[in-house]
Structure formats: structure tokens, C-alpha cells
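Data block below; observations after.
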């Protein structure tokens, strides 16, 4: 018995964009999953794991799987990168009772 699979290899030029999505306002202590859509030359979404980062991890931290935690009040951009392309989304963390 044998099996076969089709493997697509993405080069840097094949990646067109990385789009990040998560709610723009979080409450301190809130935990959520971020999502990144990596678009490739064919227009399809690539099923890949980007590298995640936060511009201010003391406010909103993100782990390697895109899980975020709002740690304190303030502003932080969450970014995802893959093959030289970067996508980011701004977010605010508010203390409970101070949402606007």
C-alpha cells in the first residue's frame, strides 16, 4: 500500500500579503486568538504559521500561536510576519469599567 501527497513550497515572491485580525478593543485580563491570513500569488490563503509579535507586550502580549492576553491599559500593535511580508493591527486594552 502506498500514499501520495502534494506539497506546495512557497518562495518569498509567492507571498503577497499578511492580514491580521483581532478585536480593536480588549479588556485587561481578556484572552483571545489572533488570526493571520497569508495571501499568495494564486489569490488563495496559505495554511502557514506566521511569526507573531507585539509592539508593547506589557500591554498586550502574543505567543507563537497568536494567542493574546491584555495585560494592562494602553495601546499595542499585534503583528504577524511570513517570508518577509508583515501585517499589523492596532489594539487598545482598557481596564474593566473604562471602555469607551
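Since every read-out is calculated from the coordinates, none of them should be taken as a lab result. Here the structure is a predicted model, which means the values were calculated and not measured. Note: ideal-geometry Cβ built from the backbone for every residue, glycine included; neighbour counts use all protein chains shown.
Structural remarks
- The label point for residue 77 and the one for residue 45, both projected 7 Å from the Cα toward the Cβ, are 2.3 nm apart.
- Beyond 20 Å, the tail of the calculated P(r) for the range 14-94 holds 28 percent of the Cα pairs.
- Length gained on full extension, residue 56 to residue 21, computed as 0.36 nm times the residue gap minus the Cα-Cα distance: 10.9 nm.
- Across the range 44-100, the relative contact order, built from alpha-carbon pairs under 8 Å that are at least six residues apart, equals 29 percent.
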